[in-house]
Amino acid sequence: MFKFKILVLFIILIFSIACSKEVSKKTIIKEKSLELQVQEAYKEGTEALESGDVLFAAKKFNEVELLFPQAESAPKSALMAAYSYYTQDYYGDAIAELERFIKVYPFYKDLDYTYYLLAICYYEQIVDEKKDLQSIVNAKKNFNIILKNYPDTEYAIDAEFKIDLINDILAAKEMYLGRYYFDKKKWIPAINRFREIIDSYDTTIYAEEALHRLVEVHYTIGLIDEAEKYAQLLGYNYQSSKWYENSYSLFDKTYEKRKKERFKTYKKKGGGLIKKFKTLLE
């Protein structure tokens, strides 16, 4: 009887060890399976992106992040999903992915690229100065984040260049509205628009015209002293421009007449400078 009990215990012990090994074996297989799923999903996403199937690519990259969010490949996959959308101009989806990425991975090593891609998504939606300004404002905001937080990166160089272009667009919008108000004889709104160009976009190509328009508006409504003040500012900065000549002609009614007379005299002389230039080629 005693021997029988020992035999039963021995059998139970062997069975327990076998079960333990089986559980361990199943666990190892499961872990390897998850890792393989992640690798395969990322590979499928890369292949789909290369073939142009960006929606499927984004889906597979998102799948990688969902399968193993603690993995080093998770944030990279999330960025790849956003990039996939961007390559085919799915800007709304790309922006949503990038904004989520910034919240989930605020300390990721390539956050400078994330902000740059986000800014580009907004920038490439800009149509012109007469359309919705939201894309322009958001693009400028994110480019400024790059200049402030990542000034020594390659993205900062392009960000600075694109901010200059954005400022030209914003100044063009102010000029468009200013001219509209001037034509409608709405003097105060016109002045405000032209002043906004001088105050906020003085490095753009519209600064000269804005100063001339301020001269023109103030002269038209009889504020001669104010008109002269802006004319002097225009002359100090842009004396050789056509806008300075236009402003000068407002104060000197004989200016245009004398200008035409000088041109006639110059034509009668045969254009001395042209002749001199030709002799250099003989």
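For region 87-115, how many residues are assigned to a helix (DSSP H, G or I), aromatic (Phe, Trp, Tyr) and farther than 16 Å from Ile145 by Cβ?
1
Just to be sure I understand, how many residues within region 182-203 are surrounded by 21 or more Cβ atoms within 10 Å (Cβ to Cβ) and either farther than 28 Å from Glu160 by Cβ or polar (S, T, N, Q) (or both)?
1
Any chance region 88-109 includes a residue that's closer than 30 Å to Ile197 by Cα, surrounded by fewer than 18 Cβ atoms within 10 Å (Cβ to Cβ), modelled with pLDDT under 95 and not hydroxyl-bearing (Ser, Thr, Tyr)?
The answer is no, given that none of the residues of region 88-109 is closer than 30 Å to Ile197 by Cα, surrounded by fewer than 18 Cβ atoms within 10 Å (Cβ to Cβ), modelled with pLDDT under 95 and not hydroxyl-bearing (Ser, Thr, Tyr).
Does Ile169 satisfy the condition of being in a helix (DSSP H, G or I), among the aliphatic types (A, V, I, L, M), under 19 Å from the mean Cα position of the chain (by Cα) and closer than 22 Å to Tyr83 by Cα?
It is false that Ile169 is in a helix (DSSP H, G or I), among the aliphatic types (A, V, I, L, M), under 19 Å from the mean Cα position of the chain (by Cα) and closer than 22 Å to Tyr83 by Cα.
Looking at Tyr219, Tyr230, Tyr236, Tyr244, can you tell me which residue is at pLDDT 80 or above, in a helix (DSSP H, G or I), within 29 Å of Leu165 (Cα to Cα) and touching a helix residue (DSSP H, G or I) at 6+ places or on another chain (Cβ under 8 Å)?
It is Tyr230.
Looking for something of a type outside the set (A, V, I, L, M) and assigned to a loop (DSSP other than H, G, I, E, B) - is there at least one such residue anywhere in region 74-86?
no
The values are calculated or read from the model by the stated rules, or taken from the named source; none is laboratory data. Quick caveat, the model's predicted, so the values are computed rather than measured. Cβ: placed from backbone, ideal geometry, glycine included. Neighbour counts: every protein chain shown.
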